[in-house]
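To keep things clear, I will list the structure first and then write my remarks on it.
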């Protein structure tokens, strides 16, 4: 199973963190620190896999963002890379040419999309169409524009 | 779809996020966050009941703040309230907050469980999915207790929607992993297995993770899954790439499900039923065949998905270890990957071959690739790939190839030194560094040179925050029955210094520590034993309760009568010291080591000395640090202040080292001498040479029959650099060649001149260079002196020159219009601000020559300012460290009389006078 997914920028700023097993804040901070140092120090054209403690780390850079997935040892590395890619595709489909800013300003959406795709560290749904249909359905459930516009800004 | 204002975009949230992004510093960010926290707190506490939207927005802001790395200690209640909202988005945010931020606050868990229970029974699939996600995310025991019996029912109920089934399967898996005792097998089990037959691929994909996990724990109950899995796999493998519609990923049919099926089969031995087995072998052969087919797409996603299935099939073939034909085919396939241009595939091939090497059927086939693997160990740029190559060499080693492999591994181990350097280079926290080096000693102790363990001790002594950790870690490392002598050295030293930091724990009480160290004593060499004896005497100081035991050890014949003089002397002296010295004296003698003065890493020094091929160059080292620095720049602004990766490893450069006093005294002494030298023979001889350089920077300063001195200089602001070139015009060597630069009198407080010593020998016909760095502290009138001494033949030559460093060198030209010029001219009207001289022309009064000189002076030559076009006016600012001095100049030539009138007005009178003096000699 997957243990965590981290998104961070070239400068090491964390953009998204998803933990699939319970962990203390201390442990999380340590992992975040280790991952950013480990991954950002990698030379270009190195392989995308790193053995780290008892986990396999699979990472890939998309534009300014690094996606870093920690998986258990028996997991398939190449498929883990494609898990990352599929998530990027899902984000891209939803936001349209997704960029780092979309994820910063709509972090909650990034979480919701991830939740439709993965759950408890396993794949829930691999079909892009199915995931998108759920996301659109939940967007439909949201307030109408008028409702939204009548809300105070602060 | 629009990007930023999606769906219910919360404007207040977006504004807050941009505010945070615009914060220029961490302080500003914290200030902004505290302001927001106060605002939210007041809203939550206020009398007015908040509407759902506002609550959602504030909860979302809190979540954002938390994700930035700040602690959040309120808002949980409001988030729980959102769970029971009827509005989907409010509920969704509530669940997200709980998933990310829940703590084991039992009061809240009860409320959360209530909300979950309501949503699970709502029959609204989206609400049910949210609730199931929350259970899976939190996954606590309390939740397992509440829902472990409910979820299987949802999973297998006939009327459950597919999407809910998917969530329920994975939610149950999560609960089973945290609390297997609470998930009871039952009637639902067999129905779960049949989900492998479900029409909906998404349901199969989710369910198979659960089934695999359950099969691992209860293989017998789930063994019917084997034939179901084989037939499902067979259908996928034989399907055309378009059959599975959206479950086809880059022309590969259902790669995730295929891999999961192959993984599930790895929980079981080969199928007993011949038909099932035949079908499976067919599938595996098809997968191997497809690897040889040309790719259907050039995209890396296509080859990744395809190869993922291939690797998983090979893993199954290796797991069965019963089909020689398939094993050899697998091995050949991996052999192809060993030379693939994709690093990822080379890495995975090495990894996979490692398991293949242990099979009797394929061991020989693996061995045929030995040259490729050795080559990988030597040439792969990526250390993780090399590591895999080393693992594989280990796995393929047998009697036939042991000599070759061991030799290759040995040369690989020489990189140990480099490991230590890299660990230090990239160390971001010292506990990591300590861990790494101790690991290195454990794994490759024999290849760890003295420098490596010296360095780890230096670092531990200099960093008090890591001392306790280091003591704990070495104590644990020494527990190993056979540990490397280098580990004993590190252990003895660190426990002797910092054993007290872990002595509170009864498992590492002083006596336990001592016994542990002493158990290694007899196996160690003399130097290590000597080190341990010193550790023992430190123990007596740290822990008086160990005194009797340790004295007994010191007293025994093998110590005080040891044939080794060093050991004997230590035993005798330490025994005496511990018996007669008072505790105060003992404490003073054995005081904790002072921090080491920071110097170059001993390891790096060693590597530099080595300078072998592949040695890390110093620039590379510094590059690494710089890169590390960038990583941190604006990066980690979380609350914990991790040392910047660019920080000096020991971080004590600013703390005064113990040895500071004698060093500075020494340098003071040098200064006294250097002042005395030129002062004695201050008869400066070259005023003429000096004055030639007022308006120019480069040229020959001095020349006689023996020596030529050229200078080149450049100035910026208040700083300058001068290159001196000493040329030996003779064919005989100059010996004891020394140069001294000094600033006489008050000049030493006005001008700072630093020089590097020159080579004492100047060969005949050779030229040597010296660089001076010059800083103008304030305006000055005198010139620094350059004293040169050398032996030519038998005779001592002594020469003192004025260095052409003049105040005008620090001019910055200032352009201004006529009006401004005269306005400022008037402002500088106090009598002492003006200096004026009328003098006879010494040189040609040619306009171009004059202009060139004035430009060389460093001021801006202003056109169209003076009403008389024959006159010249200039403006500039002199930059000194302390202040800026504005200067205006007017030069009025009288061609008939061959005279000039020069006027200077400066904001500082001494500058006016000095410039006037200097310039009067120039025209």
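The values are calculated or read from the model by the stated rules, or taken from the named source; none is laboratory data. All figures in this text were calculated on a predicted structure; none of them were measured in a lab. Glycine also receives a Cβ, built like all others from the backbone with ideal geometry; neighbour counts cover every protein chain displayed.
Name every residue in region A:88-114 that is in contact with a strand residue (DSSP E or B) (Cβ under 9 Å, 6 or more places away or on another chain) and at the interface with another protein chain (Cβ under 7 Å from one of its Cβ atoms), in order of residue number.
Selection gives A:104, A:107, A:111.
Would you call residue B:896 touching a strand residue (DSSP E or B) at 6+ places or on another chain (Cβ under 8 Å), assigned by the TED database to the domain that holds residue B:846 and surrounded by fewer than 18 Cβ atoms within 10 Å (Cβ to Cβ)?
Values: touching a strand residue (DSSP E or B) at 6+ places or on another chain (Cβ under 8 Å): no; assigned by the TED database to the domain that holds residue B:846: yes; surrounded by fewer than 18 Cβ atoms within 10 Å (Cβ to Cβ): yes.
Taking the combined requirement at face value, the residue does not satisfy it.
Among the residues of region A:21-36, are any part of a helix (DSSP H, G or I), more than 10 Å from chain B (Cβ to nearest Cβ) and under 11 Å from the mean Cα position of the chain (by Cα)?
no
For region A:77-87, give me each residue that is within 17 Å of residue B:345 (Cα to Cα) and facing another protein chain (nearest Cβ under 8 Å).
Listed by number, the residues that qualify are A:77, A:78, A:79, A:81, A:82.
Hey, does region A:58-71 have a residue that's more than 9 Å from every other protein chain (Cβ to nearest Cβ), modelled with pLDDT under 90, in contact with a helix residue (DSSP H, G or I) (Cβ under 8 Å, 6 or more places away or on another chain) and under 29 Å from residue B:429 (Cβ atoms)?
Yes.
Tally the residues that are assigned to a helix (DSSP H, G or I) and away from chain A (no Cβ under 11 Å), restricting the search to region B:59-83. Break it down stepwise before answering.
Kept after step one, since they are assigned to a helix (DSSP H, G or I), are these residues of region B:59-83: B:59-67, B:76-83.
Still in the list and also away from chain A (no Cβ under 11 Å): B:62, B:65, B:76-83.
So the answer is 10.
Tell me whether region B:33-52 contains one or more residues that are within 29 Å of the chain's Cα centre (by Cα) and within 27 Å of residue A:18 (Cα to Cα).
Checking region B:33-52: at least one residue is within 29 Å of the chain's Cα centre (by Cα) and within 27 Å of residue A:18 (Cα to Cα).
Restrict the check to region B:179-189 and report whether at least one residue is closer than 18 Å to residue B:122 by Cα and part of a helix (DSSP H, G or I).
Within region B:179-189 (the criterion being closer than 18 Å to residue B:122 by Cα and part of a helix (DSSP H, G or I)), the answer is no, since none of the residues qualifies.
Being outside any helix (DSSP H, G or I), within 11 Å of chain B (Cβ to nearest Cβ) and more than 18 Å from residue A:123 (Cα to Cα) narrows it down to one of A:74, A:51, so name that one. Give the steps one after another, and end with the answer.
Numbers: A:74 fails: more than 18 Å from residue A:123 (Cα to Cα).
So the residue among A:74, A:51 that is outside any helix (DSSP H, G or I), within 11 Å of chain B (Cβ to nearest Cβ) and more than 18 Å from residue A:123 (Cα to Cα) is A:51.
Matching residues to (1) assigned to a helix (DSSP H, G or I); (2) on the phi > 0 side of the Ramachandran plot; (3) touching a residue at least 60 places away in the same chain (Cβ under 8 Å); (4) within 47 Å of the chain's Cα centre (by Cα):
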residue: B:213; (1), (2), (3), (4): yes, no, no, yes
residue: B:231; (1), (2), (3), (4): yes, no, no, no
residue: B:235; (1), (2), (3), (4): yes, no, no, no
residue: B:243; (1), (2), (3), (4): no, no, no, no
residue: B:259; (1), (2), (3), (4): yes, no, no, yes
residue: B:267; (1), (2), (3), (4): no, no, no, yes
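Okay, residues lined up against (1) over 43 Å from the mean Cα position of the chain (by Cα); (2) part of a helix (DSSP H, G or I); (3) surrounded by fewer than 22 Cβ atoms within 10 Å (Cβ to Cβ); (4) within 14 Å of another protein chain (Cβ to nearest Cβ):
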{"position": "B:270", "(1), (2), (3), (4)": "yes, no, yes, no"}
{"position": "B:275", "(1), (2), (3), (4)": "yes, yes, yes, no"}
{"position": "B:289", "(1), (2), (3), (4)": "yes, yes, yes, no"}
{"position": "B:298", "(1), (2), (3), (4)": "no, no, yes, no"}
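Yes/no matrix, rows are residues, columns are (1) at pLDDT below 90; (2) over 21 Å from residue B:40 (Cα atoms):
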| position | (1), (2) |
| --- | --- |
| B:70 | yes, no |
| B:98 | no, no |
| B:106 | yes, yes |
| B:117 | no, yes |
| B:121 | no, yes |
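Which of the helices (runs of 4 or more DSSP H) contained wholly in region B:122-174 include at least 1 residues that are at the interface with another protein chain (Cβ under 10 Å from one of its Cβ atoms), touching a residue at least 40 places away in the same chain (Cβ under 8 Å) and buried (at least 23 other Cβ atoms within 10 Å of the Cβ)?
Details: elements: B:125-138, B:141-147, B:150-156.
Qualifying helices (runs of 4 or more DSSP H): B:125-138.
Looking at residue A:89, is it closer than 19 Å to residue B:132 by Cβ and modelled with pLDDT of 90 or more?
Judged against the criteria, residue A:89 is not a match.
Kindly indicate whether residue B:101 is buried (at least 21 other Cβ atoms within 10 Å of the Cβ), within 14 Å of chain A (Cβ to nearest Cβ) and touching a residue at least 24 places away in the same chain (Cβ under 8 Å). Steps first, answer last, please.
Values: buried (at least 21 other Cβ atoms within 10 Å of the Cβ): no; within 14 Å of chain A (Cβ to nearest Cβ): yes; touching a residue at least 24 places away in the same chain (Cβ under 8 Å): yes.
Spelling it out, it is not the case that residue B:101 is buried (at least 21 other Cβ atoms within 10 Å of the Cβ), within 14 Å of chain A (Cβ to nearest Cβ) and touching a residue at least 24 places away in the same chain (Cβ under 8 Å).
Looking at B:158, B:139, which is the one that is at pLDDT below 90 and either out of contact with any helix residue (DSSP H, G or I) (no Cβ under 6 Å at 6 or more places or on another chain) or within 25 Å of residue B:197 (Cβ to Cβ) (or both)? Outline the logic, then answer.
Values: B:139 fails: either out of contact with any helix residue (DSSP H, G or I) (no Cβ under 6 Å at 6 or more places or on another chain) or within 25 Å of residue B:197 (Cβ to Cβ) (or both).
The unique qualifying residue is B:158.
Is at least one residue of region B:756-773 surrounded by fewer than 16 Cβ atoms within 10 Å (Cβ to Cβ) and within 30 Å of residue B:860 (Cβ to Cβ)?
yes
Looking only at region B:856-899, count how many residues are free of Cβ contacts under 8 Å to residues at least 24 places away in the same chain, under 24 Å from residue B:720 (Cα atoms) and not in a strand (DSSP E or B).
Looking only at that region, the number is 0.
Considering only region B:838-855, I want to know if a residue exists there that is touching a helix residue (DSSP H, G or I) at 6+ places or on another chain (Cβ under 6 Å), under 16 Å from residue B:695 (Cβ atoms), surrounded by 19 or more Cβ atoms within 10 Å (Cβ to Cβ) and assigned by the TED database to the domain that holds residue B:823.
No: zero hits.
How about region B:713-830: which strands (runs of 3 or more DSSP E) wholly inside it have at least 1 residues that are touching a residue at least 12 places away in the same chain (Cβ under 8 Å) and under 41 Å from the mean Cα position of the chain (by Cα)?
Because the criterion is at least 1 residues that are touching a residue at least 12 places away in the same chain (Cβ under 8 Å) and under 41 Å from the mean Cα position of the chain (by Cα), the strands (runs of 3 or more DSSP E) in region B:713-830 that meet it are B:719-728, B:751-755, B:767-776.
If I filter region B:242-261 for residues that are away from chain A (no Cβ under 14 Å) and surrounded by 16 or more Cβ atoms within 10 Å (Cβ to Cβ), do I get at least one hit?
no
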